[in-house]
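To start, the structure under review is shown below, and the notes come after it.
Only the coordinates and a few stated rules stand behind these numbers; no lab work does. Being a predicted model, the structure only gives us computed values, none of them experimental. All Cβ positions, glycine included, derive from the backbone under ideal geometry; neighbour counts span all protein chains shown.
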Amino acid sequence: MKRKILVVLDGSDQAMNEVKYISHLFPAQKTEVVLFNVKVDLPEPFLDLSREPGFSSSVASANAWAYQLNSSMEKFMDDAKKILTNDGFPPESVKIKIQSKKIGIARDIIKESEKHYSLVVAGRTGASNIKDTIMGSVAAKLIGKIPDTPILTVGGKPASKKILVGFDGSEGAMKAVGCVGRLMGNTDCEVTLCHVIRPMGIHYGLTKYFSSTEEARWIDENKKLIEPAFKKAEQRLKSAGFLPDQISRDILKKKTSRAAALVAKAKKEGYGTLVVGRRGITAVEEFLMGRVSTKILNMVTQAAVLIV
């Protein structure tokens, strides 16, 4: 079955980077892409001013600006489609949808996302870099308001096909692995399952009270606990079309921050995509994983982040 993904575009350079990222990462023959834009028309009260003396020339200028903006967006969407079709996506699998704003840009995107999409893709920054400097604006609203569909934010120009999955063995982590398999299986992408072991007693501020022997035993026990989950995740990826040599695992030890450890590894080793689940092992862990994903989104500016 083809996977249907919603790609939110606003005509910016970063939006075109989204398209280029998709074109080299997702399997062309198994992916249906909807290139989506919400355009902002001139408000009715402004148009009513055209009947008032002295305002007709201003309204005419605004209409000309709006026409040019729409024409530019249509060309942008055509160029985006060409990038995908040139990389092997069948023309019938790439659809362009431009609609006028109905409620609000973010809410209109959310409404569209409810139409059985496997993934929603949005740029980290948009036409206005200032308002999007801190992970805010439309992308952040989507992450907060679309809880059941994976969200992929793209920052910079990620070209690497290396994928780093933050893995704790939880149901959320397994869903993240399953999502990577569904979306990117049967490609030449490489996946690393990365488990972070934090120091013993870090939740209580008691780390200094444990000996090196106790810390070593703590690490060994954590390795044993995560091993069955690693095997299950690897099998899931293989079933989705990944070859054994495309899958690896890593355990980062004595890291006080999961988010910082994952981001540091991604930067150092050239990963283009980081993947994290929304939910952890327990109610407390679920809250902590929410913090991990938020931290990663705010720390990563030149890569893609997939929240499942």
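Overview of values
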quantity	calculated
Listed residue pairs exceeding 32 Å between alpha carbons, taken from 2/255; 81/232; 39/175; 115/268; 175/265	2/255; 81/232; 39/175; 115/268
Rounded if a/c under 1.5, otherwise prolate or oblate - the range 212-251, Cα gyration tensor axes	prolate
Whichever aspartates and glutamates have a C-alpha closer than 14 Å to that of residue 157, once near sequence neighbours (fewer than 8 apart) are set aside	13, 18
Efficiency of FRET between residue 268 and residue 231 - r from beta-carbon atoms, R0 41 angstrom, step 0.05	0.95
Difference of contour (0.36 nm per residue) and Cα-Cα distance, residue 298 to residue 1	103.5 nm
Spin-label pair residue 39/residue 253, simplified geometry with 7 Å Cα→Cβ offset, distance in nm	5.9
Approximate spin-label separation residue 116-residue 221, in nm, with each point projected 7 Å along Cα-to-Cβ	4.8
Simple spin-label estimate for residue 188 and residue 260 in nanometres, 7 Å along Cα-Cβ	3.7
Estimated FRET transfer efficiency (residue 243, residue 97; beta-carbon r; R0 45 Å; 0.05)	0.80
